[in-house]
Structure formats: C-alpha cells, structure tokens
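I have placed the structure first, in the form of structure tokens, so that the comments after it can refer back to it.
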Amino acid sequence: MKNSKTRTVILLICGIIVAAYCLMNFIILPLYTRHWQRVQVPDVTNLSLAAAEKILRHSKLVPMRGEIRFDDAVPAGYTIFQNPVANSFVKKGRRVYLISSKGKRPVTVPQLVGTNMRDAQFSIVQNQLIVGRIAYESDPYYPDGVVTAQSIAPETEVMAGSVIDMTVSKGETMGGLFVPDLYGLTQDKAELLLKRSLLTKGRVSFLESANVAPGLVIHQSLQAGERAARGDSVHIILSKSPQAEALSW
C-alpha cells in the first residue's frame, strides 16, 4: 500500500514537471520572446545596396548602411558583409548592418617621362596598369628611346588596369630645332635660353639705341622660329646708350 502511494506521488511529480516544461517552453517563453515575430535573415551579400535594402525591408527588417571598404572582388556599391549574418533568426524590425564595397583600391601613376621605354613599360605593369599606344617622335631634348610624354600625369590615382599611352623620342633630326626669340632679353638670359635650346651663343656686339634700354638684345643672327641644328651659333647685338663707347667682343 505504501509503495503504491509512493509510486503515485512520483508519477504526480513527474507529470507536474512535464506540464511545467511544456508550459514554459510552448507558452511562457514564446510569449516572453515573441517567438512568432522572429524572422530568418536573408543573405544579401554580393547584391547591390538597393537590392539588399529592398529584400531586408520585405523581410520586416531595417537595413543600415555601414562602413565602405575597398575590395578587389566585389564591385563598388555591392554588399561585402552583413550583421546579423544570413539565416540567423531575429525579431522583426531588427537592424541589419551592411558593409559595402567601393571597388578596387586605386593605384598611383608612376613618373615615366625621362626614363627609357623598357623601364617605363616595366613600371606600368608593376603598378597594375596596362601599356597602351606608343608613339615615336623626334625630340631635341631627349635622346633616342626615352619617354617624352605620358597620357596620364604622374601621381594621379586611377583604377588598376587603366591604360597609359606614351610618346618615345627618336632623337634629334637635322634641322629639328627652333631658334628662340631673344629680343629684349639680357645677355645672361639670352645665353641661358640658347643653351636650353641646344644652341650656342655666338659673337656679342653692341649698338647704340635710343629706344631700348642698355644691355638688352636688339638683334639676333638667326631669326626667332627659324630651324637650326644642334650646336648652331646665334650672334646677338645688345643695345647701349648713345653716349657710351662702341665695344665689340
């Protein structure tokens, strides 16, 4: 009799425990957590921000734009990462933070002018750029095979894979130089300009002039714009005051 009562008590206790578990698990906890309001987070990575936001709103979630990072694999404006992650369960109205891509990291265009063509090509490829059209022109300043111009200025930031065109010197051709305009310059400035133009200062003479300040060029033996060869001499005449004595070098 006593054993029967004990068994009944044990069964009663077990029944109470099971009932309490079911009550807690299926009624109280869902009421507390609003389990019926939980939704599964969709996967919106590798989608455009606009598409990702539309899908999240449709799922009763709130999209929030977060950090923007460089990414070589994901195009600019597309999502890289989301938090909470895809397929997790959250309450309706939960914020989902989106990290998006701003595309590939830009690269800097190297200095090519003044380097030989082979080094310039290597530098272009090394900086994740593409060698474009190469034009060849005669140039009085740069020797044969040296880059004289580039299509994009150095230190410019561009996208990897951008094309860089170059102009390469064929060296100087005979008669390929032009005589600079020396009129009104001092002797020192005239000599410097001739040197930069790969020409040589010739004879310097003086002539009285009432219209031009003393010491300035009033005549040159080769006219401005005239073609000349490297090293050609250009004679100049400088003005002097009418009362000064004539000099000739």
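Derivation of every value follows stated rules applied to the coordinates shown; laboratory data play no part. Keep in mind the model is a prediction, meaning the values are calculated, not measured. Glycine also receives a Cβ, built like all others from the backbone with ideal geometry; neighbour counts cover every protein chain displayed.
Have a look at the chain and give its Rg and Dmax from the Cα atoms, expressed in angstrom.
Rg, Dmax (Cα atoms, Å): 42.0, 153.
Could you pull out every residue, at least 5 positions away or on a different chain, whose amide H is within less than 5 Å of the one on residue 229? Hs are placed 1.01 Å off N in the peptide plane, and Pro or chain starts have none.
175
Considering only the other residues whose Cβ falls under 10 Å of the Cβ of residue 149, what net charge follows from Lys and Arg at +1 and Asp and Glu at -1? All intermediate terms of the calculation are to be shown ahead of the outcome.
Numbers: positive: none; negative: 137, 139, 165.
Cβ neighbours under 10 Å give a net charge of -3.
Given a 10 angstrom Cα cut-off, can you work out which residue in 55, 237, 17 is the most mobile in a GNM of the chain?
17
For segment 128-133, in order, what is each residue's ³J(HN,Hα) by Karplus, 6.51 cos²θ - 1.76 cosθ + 1.60 with θ = phi - 60°, in whole Hz (x at glycine and Pro)?
6, 10, 10, 6, x, 6
To the nearest 10 degrees, how steep is helix 2-23 against the longest Cα principal axis of the chain, on a 0 to 90 scale?
Helix 2-23 sits at roughly 30 degrees to that axis.
Going by average Cβ density within 10 Å per residue, which order do the peptides 82-91, 162-171 take, highest to lowest? List each step's numbers first, then the result.
Numbers: 82-91: 13.7, 162-171: 17.9.
Peptide ranking by packing, descending: 162-171, 82-91.
Grab the Cα-Cα distance for residue 178 and residue 116, subtract it from 0.36 nm times how many residues apart they are, and report the gain in nm with one decimal. Mind showing how you got there, number by number?
On the way: separation 62, 0.36 × 62 = 22.32 nm, distance 2.48 nm.
Full extension of this stretch gives 19.8 nm more.
Which of 54/91; 54/92; 201/240; 189/240 have a Cα-Cα distance over 22 Å? Numbers along the way, then the final one.
Numbers: 54/91 18 Å; 54/92 15 Å; 201/240 19 Å; 189/240 17 Å.
The pairs that break the limit, which is 22 Å between Cα atoms, do not exist here.
If Rh is defined by the Kirkwood formula over all Cα pairs and Rg also comes from Cα, what ratio Rg/Rh do you get for segment 69-165?
On the way: Rg = 21.6 Å, Rh = 16.5 Å.
So for segment 69-165, dividing Rg by the Kirkwood Rh gives 1.31.
For segment 42-90, what mean projected area does the convex hull of the alpha carbons give, in nm²? Present the calculation step by step, with values, prior to reporting the outcome.
Values: hull surface 13.0 nm².
One quarter of the hull surface, i.e. the mean projection, equals 3.3 nm².
For the chain, what relative contact order do you get, as a whole percent, if you take Cα pairs closer than 8 Å and at least 6 residues apart? Numbers along the way, then the final one.
Details: 495 pairs, mean separation 31.4, N = 249.
It rounds to 13 percent for the chain.
With runs of 4+ DSSP H residues as the only contributors, calculate the mean residue ellipticity of the chain at 222 nm using -39,500 (n - 2.57) per run, divided by the residue total and rounded to the nearest 500.
On the way: 5 runs with 57 residues, N = 249.
Helices in the chain give a 222 nm mean residue ellipticity of -7000 deg cm²/dmol.
Provide the gained length on full extension for the span residue 127 to residue 60, in nm with one decimal, where the gain is 0.36 nm per separating residue minus the Cα-Cα distance. Don't skip to the end; give the middle numbers.
Working: separation 67, 0.36 × 67 = 24.12 nm, distance 4.59 nm.
In short, 19.5 nm is gained.
Hey, what do the phi angles of segment 157-166 turn into as Karplus ³J(HN,Hα) couplings, whole Hz, using 6.51/-1.76/1.60 and θ = phi - 60°, x for Gly and Pro?
Here the 3J(HN,Hα) series is 8, 9, 6, 4, x, 5, 9, 10, 8, 9 Hz.
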